[in-house]
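The values are calculated or read from the model by the stated rules, or taken from the named source; none is laboratory data. No experiment lies behind these values; they were computed from the predicted model shown. Because the Cβ atoms are built from the backbone with ideal geometry, glycine has one as well, and the counts that use them run over all protein chains shown. Just so you know, the surface numbers come from the protein's heavy atoms only, side chains and all, with ligands and any DNA or RNA stripped out. Shrake-Rupley method; radii C 1.70, N 1.55, O 1.52, S 1.80 Å.
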Amino acid sequence: MGLLKKFASFKTFALKASALSLPYFRSSEEKWKARALLLAIVVLNLAAVFMLVQINDWYRVFYDALQQKDQPVFWQQLGRFGWLAFAYVIIAVYKFYLTQLLEMRWRAWMTAHYTQRWLENQAFYRMELMRFSTPTAANASGDSPDNPDQRIQEDVNLFTAHSVGLSMGLLNAVVTLVSFVGILWSLSGDFSLTFNGDSWNIPGFMVWMAVLYCAVGSVLTHYIGRPLIDLNFRQQRYEADFRHRLVRVREYSESIALDRGESVERSQLGHRFTLVLANYLKLLKAQKNLTWFTVGFAQAAVVFPFIIAAPRFFSGAIQLGQLMQIASAFGRVQDSLSWFVDNYDALASWRATTDRLTGFEAAMTRQDAGAVGL
(Lines give C-alpha, C1' and ligand atoms only; values in the text may rest on other atoms or scores of the structure.)
Protein backbone atom coordinates (compact mmCIF):
# COMPACT_ATOMS: atom_id res chain seq x y z
CA MET A 1 0.00 0.00 0.00
CA GLY A 2 2.86 2.38 0.80
CA LEU A 3 4.41 1.91 -2.64
CA LEU A 4 1.03 2.37 -4.32
CA LYS A 5 0.48 5.63 -2.47
CA LYS A 6 3.95 6.87 -3.43
CA PHE A 7 3.33 5.94 -7.07
CA ALA A 8 -0.05 7.69 -7.04
CA SER A 9 1.55 10.78 -5.47
CA PHE A 10 4.31 10.79 -8.09
CA LYS A 11 1.77 10.36 -10.89
CA THR A 12 -0.29 13.29 -9.57
CA PHE A 13 2.79 15.47 -9.36
CA ALA A 14 3.89 14.50 -12.89
CA LEU A 15 0.46 15.44 -14.25
CA LYS A 16 0.60 18.81 -12.45
CA ALA A 17 4.08 19.58 -13.78
CA SER A 18 3.07 18.56 -17.31
CA ALA A 19 -0.06 20.73 -17.20
CA LEU A 20 2.07 23.74 -16.26
CA SER A 21 4.86 22.98 -18.75
CA LEU A 22 3.18 21.87 -21.97
CA PRO A 23 1.31 25.08 -22.94
CA TYR A 24 4.56 26.95 -23.66
CA PHE A 25 5.93 24.21 -25.94
CA ARG A 26 2.60 23.15 -27.46
CA SER A 27 0.37 26.18 -27.98
CA SER A 28 2.27 29.40 -27.30
CA GLU A 29 3.25 31.86 -30.01
CA GLU A 30 6.90 30.99 -29.23
CA LYS A 31 6.47 27.24 -29.47
CA TRP A 32 8.81 26.73 -32.45
CA LYS A 33 11.60 28.80 -30.91
CA ALA A 34 11.10 26.95 -27.63
CA ARG A 35 11.25 23.57 -29.33
CA ALA A 36 14.38 24.56 -31.29
CA LEU A 37 16.12 25.72 -28.11
CA LEU A 38 15.12 22.54 -26.29
CA LEU A 39 16.40 20.38 -29.17
CA ALA A 40 19.70 22.27 -29.24
CA ILE A 41 20.15 21.75 -25.49
CA VAL A 42 19.43 18.02 -25.86
CA VAL A 43 21.99 17.73 -28.69
CA LEU A 44 24.61 19.57 -26.62
CA ASN A 45 23.95 17.23 -23.67
CA LEU A 46 24.50 14.23 -25.93
CA ALA A 47 27.68 15.80 -27.31
CA ALA A 48 28.96 16.43 -23.77
CA VAL A 49 28.47 12.77 -22.86
CA PHE A 50 30.27 11.72 -26.07
CA MET A 51 33.24 13.87 -25.07
CA LEU A 52 33.27 12.28 -21.61
CA VAL A 53 33.48 8.85 -23.24
CA GLN A 54 36.48 10.01 -25.26
CA ILE A 55 38.15 11.41 -22.14
CA ASN A 56 37.52 8.13 -20.33
CA ASP A 57 39.40 6.28 -23.09
CA TRP A 58 42.19 8.88 -22.78
CA TYR A 59 42.68 7.87 -19.13
CA ARG A 60 43.65 4.33 -20.15
CA VAL A 61 46.22 5.34 -22.80
CA PHE A 62 47.70 8.20 -20.78
CA TYR A 63 48.23 6.29 -17.53
CA ASP A 64 49.53 3.23 -19.33
CA ALA A 65 52.12 5.51 -20.96
CA LEU A 66 53.08 6.79 -17.52
CA GLN A 67 53.43 3.28 -16.11
CA GLN A 68 55.55 2.17 -19.09
CA LYS A 69 57.53 5.45 -19.12
CA ASP A 70 56.64 5.90 -22.80
CA GLN A 71 57.54 9.57 -23.32
CA PRO A 72 56.37 9.99 -26.98
CA VAL A 73 52.91 8.60 -26.18
CA PHE A 74 52.82 10.75 -23.01
CA TRP A 75 53.28 14.00 -24.96
CA GLN A 76 50.97 12.83 -27.73
CA GLN A 77 48.19 12.14 -25.23
CA LEU A 78 48.71 15.52 -23.56
CA GLY A 79 48.06 17.14 -26.94
CA ARG A 80 45.01 14.93 -27.46
CA PHE A 81 43.66 15.93 -24.06
CA GLY A 82 44.05 19.61 -24.97
CA TRP A 83 41.74 19.18 -27.98
CA LEU A 84 39.27 17.07 -26.02
CA ALA A 85 39.16 19.59 -23.17
CA PHE A 86 38.78 22.53 -25.60
CA ALA A 87 35.83 20.85 -27.36
CA TYR A 88 34.21 19.97 -24.04
CA VAL A 89 34.54 23.55 -22.78
CA ILE A 90 32.84 24.92 -25.91
CA ILE A 91 29.99 22.45 -25.53
CA ALA A 92 29.61 23.22 -21.80
CA VAL A 93 29.55 27.00 -22.38
CA TYR A 94 26.88 26.90 -25.07
CA LYS A 95 24.85 24.32 -23.15
CA PHE A 96 24.82 26.69 -20.17
CA TYR A 97 23.98 29.72 -22.34
CA LEU A 98 21.13 28.10 -24.26
CA THR A 99 19.71 26.55 -21.07
CA GLN A 100 19.62 29.95 -19.38
CA LEU A 101 18.11 31.49 -22.52
CA LEU A 102 15.32 28.90 -22.58
CA GLU A 103 14.61 29.47 -18.89
CA MET A 104 14.45 33.24 -19.45
CA ARG A 105 12.10 32.99 -22.46
CA TRP A 106 9.87 30.47 -20.71
CA ARG A 107 9.71 32.58 -17.57
CA ALA A 108 8.84 35.69 -19.61
CA TRP A 109 5.99 33.87 -21.34
CA MET A 110 4.59 32.33 -18.14
CA THR A 111 4.83 35.66 -16.30
CA ALA A 112 2.94 37.46 -19.07
CA HIS A 113 0.38 34.64 -19.24
CA TYR A 114 -0.36 34.60 -15.51
CA THR A 115 -0.32 38.40 -15.23
CA GLN A 116 -2.91 38.66 -17.99
CA ARG A 117 -5.16 36.03 -16.41
CA TRP A 118 -4.79 37.59 -12.95
CA LEU A 119 -5.81 41.04 -14.23
CA GLU A 120 -8.61 39.89 -16.53
CA ASN A 121 -12.22 40.20 -15.36
CA GLN A 122 -11.01 41.71 -12.08
CA ALA A 123 -9.85 38.28 -10.90
CA PHE A 124 -7.19 39.93 -8.72
CA TYR A 125 -9.87 41.89 -6.85
CA ARG A 126 -12.30 39.01 -6.37
CA MET A 127 -9.54 36.64 -5.21
CA GLU A 128 -8.32 39.16 -2.65
CA LEU A 129 -11.87 39.96 -1.53
CA MET A 130 -12.63 36.28 -0.95
CA ARG A 131 -9.39 35.80 0.96
CA PHE A 132 -9.97 38.65 3.40
CA SER A 133 -13.73 38.27 3.75
CA THR A 134 -13.48 34.60 4.83
CA PRO A 135 -9.72 34.00 5.21
CA THR A 136 -9.85 30.68 7.02
CA ALA A 137 -12.37 28.97 4.77
CA ALA A 138 -10.91 30.39 1.59
CA ASN A 139 -7.35 29.40 2.33
CA ALA A 140 -8.37 25.96 3.56
CA SER A 141 -10.34 25.24 0.41
CA GLY A 142 -7.71 26.72 -1.88
CA ASP A 143 -10.21 29.11 -3.50
CA SER A 144 -8.00 32.11 -2.74
CA PRO A 145 -4.27 31.30 -2.80
CA ASP A 146 -1.98 33.47 -0.73
CA ASN A 147 0.28 36.10 -2.29
CA PRO A 148 -0.43 36.00 -6.05
CA ASP A 149 2.40 38.49 -6.59
CA GLN A 150 4.89 36.04 -5.13
CA ARG A 151 3.58 33.20 -7.28
CA ILE A 152 3.91 35.23 -10.47
CA GLN A 153 7.33 36.67 -9.60
CA GLU A 154 9.19 33.99 -7.63
CA ASP A 155 7.35 30.71 -8.19
CA VAL A 156 7.32 31.06 -11.98
CA ASN A 157 11.06 31.75 -11.93
CA LEU A 158 11.76 28.73 -9.71
CA PHE A 159 9.45 26.48 -11.72
CA THR A 160 11.07 27.22 -15.09
CA ALA A 161 14.60 26.99 -13.68
CA HIS A 162 13.94 23.68 -11.90
CA SER A 163 11.98 22.21 -14.81
CA VAL A 164 14.73 22.84 -17.36
CA GLY A 165 17.63 22.11 -15.01
CA LEU A 166 16.25 18.89 -13.55
CA SER A 167 14.89 17.48 -16.82
CA MET A 168 18.15 18.11 -18.69
CA GLY A 169 20.09 16.77 -15.72
CA LEU A 170 18.02 13.59 -15.78
CA LEU A 171 18.53 13.23 -19.53
CA ASN A 172 22.26 13.68 -19.08
CA ALA A 173 22.29 11.10 -16.28
CA VAL A 174 20.41 8.52 -18.36
CA VAL A 175 22.59 8.99 -21.45
CA THR A 176 25.77 8.91 -19.35
CA LEU A 177 24.61 5.73 -17.65
CA VAL A 178 23.87 4.02 -20.97
CA SER A 179 27.22 5.16 -22.41
CA PHE A 180 29.42 4.15 -19.47
CA VAL A 181 27.74 1.06 -18.09
CA GLY A 182 28.99 -0.98 -21.08
CA ILE A 183 32.51 0.38 -20.60
CA LEU A 184 32.46 -0.43 -16.89
CA TRP A 185 31.02 -3.89 -17.57
CA SER A 186 33.79 -4.76 -20.03
CA LEU A 187 36.51 -3.47 -17.69
CA SER A 188 35.12 -5.05 -14.53
CA GLY A 189 35.97 -8.66 -15.29
CA ASP A 190 34.41 -11.53 -13.38
CA PHE A 191 34.30 -11.86 -9.61
CA SER A 192 34.58 -15.37 -8.19
CA LEU A 193 32.97 -16.15 -4.86
CA THR A 194 33.08 -19.41 -2.91
CA PHE A 195 30.35 -20.00 -0.35
CA ASN A 196 29.46 -23.23 1.44
CA GLY A 197 31.53 -25.26 -1.00
CA ASP A 198 29.89 -23.76 -4.08
CA SER A 199 31.64 -21.40 -6.52
CA TRP A 200 29.83 -18.37 -7.92
CA ASN A 201 31.00 -16.28 -10.84
CA ILE A 202 29.61 -12.72 -11.06
CA PRO A 203 30.23 -10.96 -14.41
CA GLY A 204 30.35 -7.16 -14.50
CA PHE A 205 30.99 -7.01 -10.76
CA MET A 206 31.77 -3.27 -10.69
CA VAL A 207 28.45 -2.45 -12.36
CA TRP A 208 26.52 -4.37 -9.71
CA MET A 209 28.49 -2.69 -6.96
CA ALA A 210 27.68 0.74 -8.43
CA VAL A 211 23.98 -0.15 -8.61
CA LEU A 212 23.97 -1.44 -5.04
CA TYR A 213 25.92 1.57 -3.74
CA CYS A 214 23.57 4.08 -5.37
CA ALA A 215 20.37 2.18 -4.55
CA VAL A 216 21.21 2.24 -0.85
CA GLY A 217 22.14 5.92 -1.13
CA SER A 218 18.89 6.85 -2.91
CA VAL A 219 16.69 5.09 -0.36
CA LEU A 220 18.49 6.69 2.58
CA THR A 221 18.40 10.12 0.92
CA HIS A 222 14.63 9.90 0.47
CA TYR A 223 13.99 9.04 4.10
CA ILE A 224 16.44 11.66 5.39
CA GLY A 225 15.33 14.45 3.08
CA ARG A 226 11.58 14.02 2.64
CA PRO A 227 10.69 16.68 5.30
CA LEU A 228 12.21 19.23 2.91
CA ILE A 229 9.18 19.12 0.57
CA ASP A 230 6.71 20.49 3.11
CA LEU A 231 9.27 22.85 4.67
CA ASN A 232 10.12 24.42 1.29
CA PHE A 233 6.42 24.96 0.60
CA ARG A 234 5.92 26.66 3.97
CA GLN A 235 9.05 28.79 3.66
CA GLN A 236 7.91 30.29 0.37
CA ARG A 237 4.52 31.04 1.88
CA TYR A 238 5.87 32.67 5.07
CA GLU A 239 8.41 34.75 3.14
CA ALA A 240 5.66 35.99 0.84
CA ASP A 241 3.34 36.81 3.76
CA PHE A 242 6.09 38.87 5.40
CA ARG A 243 6.85 40.73 2.17
CA HIS A 244 3.13 41.35 1.58
CA ARG A 245 2.80 42.94 5.02
CA LEU A 246 5.77 45.22 4.34
CA VAL A 247 4.19 46.35 1.07
CA ARG A 248 0.92 46.98 2.89
CA VAL A 249 2.66 49.33 5.35
CA ARG A 250 4.13 51.29 2.46
CA GLU A 251 0.80 51.52 0.60
CA TYR A 252 -1.20 52.58 3.67
CA SER A 253 1.55 54.64 5.30
CA GLU A 254 -0.61 57.77 5.60
CA SER A 255 -3.52 55.97 7.28
CA ILE A 256 -1.19 54.12 9.65
CA ALA A 257 0.57 57.37 10.59
CA LEU A 258 -2.71 59.25 11.19
CA ASP A 259 -4.10 56.41 13.31
CA ARG A 260 -0.75 55.99 15.10
CA GLY A 261 -0.85 52.29 14.22
CA GLU A 262 2.90 51.77 14.24
CA SER A 263 2.82 49.44 17.23
CA VAL A 264 0.13 47.27 15.64
CA GLU A 265 2.03 47.03 12.37
CA ARG A 266 5.27 46.31 14.24
CA SER A 267 3.53 43.48 16.06
CA GLN A 268 2.11 42.05 12.84
CA LEU A 269 5.48 42.27 11.07
CA GLY A 270 7.22 40.69 14.05
CA HIS A 271 4.74 37.81 14.10
CA ARG A 272 5.18 37.09 10.39
CA PHE A 273 8.97 37.32 10.58
CA THR A 274 8.98 34.97 13.56
CA LEU A 275 7.20 32.39 11.39
CA VAL A 276 9.81 32.93 8.66
CA LEU A 277 12.71 32.35 11.04
CA ALA A 278 11.10 29.40 12.85
CA ASN A 279 10.40 27.53 9.61
CA TYR A 280 13.80 28.47 8.18
CA LEU A 281 15.50 26.96 11.24
CA LYS A 282 13.59 23.71 10.67
CA LEU A 283 14.53 23.83 6.98
CA LEU A 284 18.16 24.48 7.85
CA LYS A 285 18.27 21.49 10.22
CA ALA A 286 16.68 19.23 7.61
CA GLN A 287 19.18 20.40 4.98
CA LYS A 288 22.04 19.86 7.43
CA ASN A 289 20.94 16.26 8.00
CA LEU A 290 20.72 15.68 4.26
CA THR A 291 24.11 17.33 3.66
CA TRP A 292 25.77 15.09 6.25
CA PHE A 293 24.72 12.09 4.20
CA THR A 294 25.12 13.37 0.62
CA VAL A 295 28.61 14.83 1.15
CA GLY A 296 29.78 11.68 2.94
CA PHE A 297 28.22 9.56 0.20
CA ALA A 298 30.06 11.53 -2.51
CA GLN A 299 33.41 11.38 -0.72
CA ALA A 300 33.17 7.64 -0.15
CA ALA A 301 32.43 7.19 -3.87
CA VAL A 302 35.87 8.62 -4.74
CA VAL A 303 37.83 5.73 -3.17
CA PHE A 304 35.17 3.01 -3.48
CA PRO A 305 36.11 1.86 -7.04
CA PHE A 306 39.82 1.75 -6.15
CA ILE A 307 39.08 -0.47 -3.16
CA ILE A 308 37.03 -2.86 -5.30
CA ALA A 309 39.47 -2.95 -8.25
CA ALA A 310 42.72 -2.92 -6.22
CA PRO A 311 43.04 -6.75 -5.93
CA ARG A 312 43.02 -7.13 -9.74
CA PHE A 313 45.59 -4.34 -10.13
CA PHE A 314 48.00 -5.73 -7.52
CA SER A 315 47.65 -9.22 -8.97
CA GLY A 316 48.73 -7.90 -12.37
CA ALA A 317 45.40 -8.63 -14.07
CA ILE A 318 45.01 -4.97 -15.09
CA GLN A 319 47.42 -2.09 -15.73
CA LEU A 320 47.41 1.37 -14.15
CA GLY A 321 45.61 2.83 -17.18
CA GLN A 322 42.80 0.31 -16.89
CA LEU A 323 42.54 0.98 -13.14
CA MET A 324 42.15 4.72 -13.76
CA GLN A 325 39.67 4.06 -16.58
CA ILE A 326 37.64 1.81 -14.25
CA ALA A 327 37.64 4.51 -11.57
CA SER A 328 36.55 7.13 -14.12
CA ALA A 329 33.80 4.93 -15.60
CA PHE A 330 32.61 3.93 -12.12
CA GLY A 331 32.44 7.62 -11.19
CA ARG A 332 30.30 8.39 -14.24
CA VAL A 333 27.96 5.46 -13.59
CA GLN A 334 27.76 6.33 -9.91
CA ASP A 335 27.06 10.00 -10.69
CA SER A 336 24.26 8.98 -13.07
CA LEU A 337 22.68 6.58 -10.60
CA SER A 338 23.08 9.19 -7.84
CA TRP A 339 21.08 11.84 -9.72
CA PHE A 340 18.22 11.43 -7.24
CA VAL A 341 20.60 11.76 -4.28
CA ASP A 342 22.34 14.85 -5.67
CA ASN A 343 19.13 16.63 -6.67
CA TYR A 344 16.79 15.76 -3.81
CA ASP A 345 16.81 19.29 -2.38
CA ALA A 346 16.04 20.79 -5.82
CA LEU A 347 13.31 18.17 -6.40
CA ALA A 348 11.70 19.09 -3.07
CA SER A 349 11.75 22.79 -4.01
CA TRP A 350 10.37 22.01 -7.50
CA ARG A 351 7.50 20.01 -6.06
CA ALA A 352 6.59 22.74 -3.58
CA THR A 353 6.70 25.37 -6.34
CA THR A 354 4.60 23.21 -8.66
CA ASP A 355 1.96 22.74 -5.97
CA ARG A 356 1.78 26.49 -5.38
CA LEU A 357 1.46 27.34 -9.08
CA THR A 358 -1.11 24.59 -9.58
CA GLY A 359 -3.20 26.06 -6.76
CA PHE A 360 -2.90 29.52 -8.31
CA GLU A 361 -3.89 28.16 -11.73
CA ALA A 362 -6.93 26.38 -10.27
CA ALA A 363 -8.02 29.52 -8.41
CA MET A 364 -7.86 31.64 -11.58
CA THR A 365 -9.77 28.99 -13.52
CA ARG A 366 -12.55 29.13 -10.90
CA GLN A 367 -12.56 32.92 -11.12
CA ASP A 368 -12.83 32.75 -14.92
CA ALA A 369 -15.80 30.41 -14.59
CA GLY A 370 -17.41 32.73 -12.06
CA ALA A 371 -16.93 35.74 -14.33
CA VAL A 372 -18.57 33.90 -17.23
CA GLY A 373 -21.47 32.97 -14.95
CA LEU A 374 -21.95 36.63 -14.12
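Some observations on this one:
- The candidate values are (i) 26.3; (ii) 18.1; (iii) 19.0; the one derived from this structure for mean projected area of the Cα convex hull in nm² carries the label (i).
- Backbone amide hydrogens, once placed in the peptide plane, bring ILE202 within less than 5 Å of PHE191, SER192, LEU193, excluding anything fewer than 5 places away on its chain.
- Among ILE307, ILE90, the order of accessible area from largest down is ILE307, ILE90, computed with a 1.4 Å probe on protein heavy atoms.
- Taken one residue at a time, the phi angles of the stretch 167-178 give Karplus couplings (6.51, -1.76, 1.60, θ = phi - 60°) of 5, 5, x, 5, 4, 4, 5, 5, 5, 4, 4, 4 Hz. Gly and Pro are set to x.
- Alpha carbon convex hull of the stretch 282-374, volume per residue in cubic angstrom: 102 Å³
- Using θ = phi - 60° and Karplus 6.51 cos²θ - 1.76 cosθ + 1.60, couplings along the stretch 115-120 (whole Hz; Gly, Pro as x): 4, 4, 5, 5, 8, 6
- Mean Cα-pair separation over length for the chain, i.e. relative contact order, pairs under 8 Å, 6 or more apart, %: 28 percent
- A Cβ-based charge dipole, computed about the Cα centre of the chain with Lys and Arg at +1 and Asp and Glu at -1, lands at about 200 debye.
- For the pair ARG35 and HIS271, label points projected 7 Å from Cα toward Cβ lie 5.3 nm apart.
- Summed over qualifying helices (DSSP H, 4 residues or more, each -39500 (n - 2.57)) and divided by its residue number, the chain shows a 222 nm mean residue ellipticity of -30000 deg cm²/dmol.
- Of LYS16/LYS95; LYS11/LYS288; LYS31/LYS288; LYS95/LYS285, pairs whose Cα-Cα distance is over 31 Å: LYS31/LYS288; LYS95/LYS285
- Estimated from the Cβ-Cβ distance and a Förster radius of 30 angstrom, the FRET efficiency linking PHE25 and ILE90 is about 0.65.
- Alpha-carbon spread of the stretch 1-120, three principal axes, descending order, Å: 73, 43, 18
- Sorting ASP355, ASP230 on solvent-accessible area from highest to lowest, probe radius 1.4 Å, gives ASP230, ASP355.
- Here the Karplus curve 6.51 cos²θ - 1.76 cosθ + 1.60, taken at θ = phi - 60°, turns the phi angles of the stretch 240-248 into couplings of 5, 4, 5, 5, 4, 5, 4, 5, 4 Hz, with x standing for Gly and Pro.
- Alpha carbon centroid spacing (whole Å) that separates the stretch 52-87 from the stretch 227-282: 59 Å
- Simple rule: put +1 on each Lys or Arg Cβ and -1 on each Asp or Glu Cβ in the chain, find the dipole, and look at MET206, PHE10, HIS162; the Cα lying farthest toward the positive end is PHE10.
- Whole-percent carbon and sulfur share, accessible surface of the chain, 1.4 Å: 66 percent
- Heavy-atom accessible area per residue - the chain, 1.4 Å, Å²: 57 Å²
- Estimated FRET transfer efficiency (ALA257, HIS113; beta-carbon r; R0 30 Å; 0.05): 0.20
- Gaussian network model of the chain, springs between alpha carbon atoms under 10 Å - residue of ARG260, ARG272, ARG351 with greatest fluctuation: ARG260
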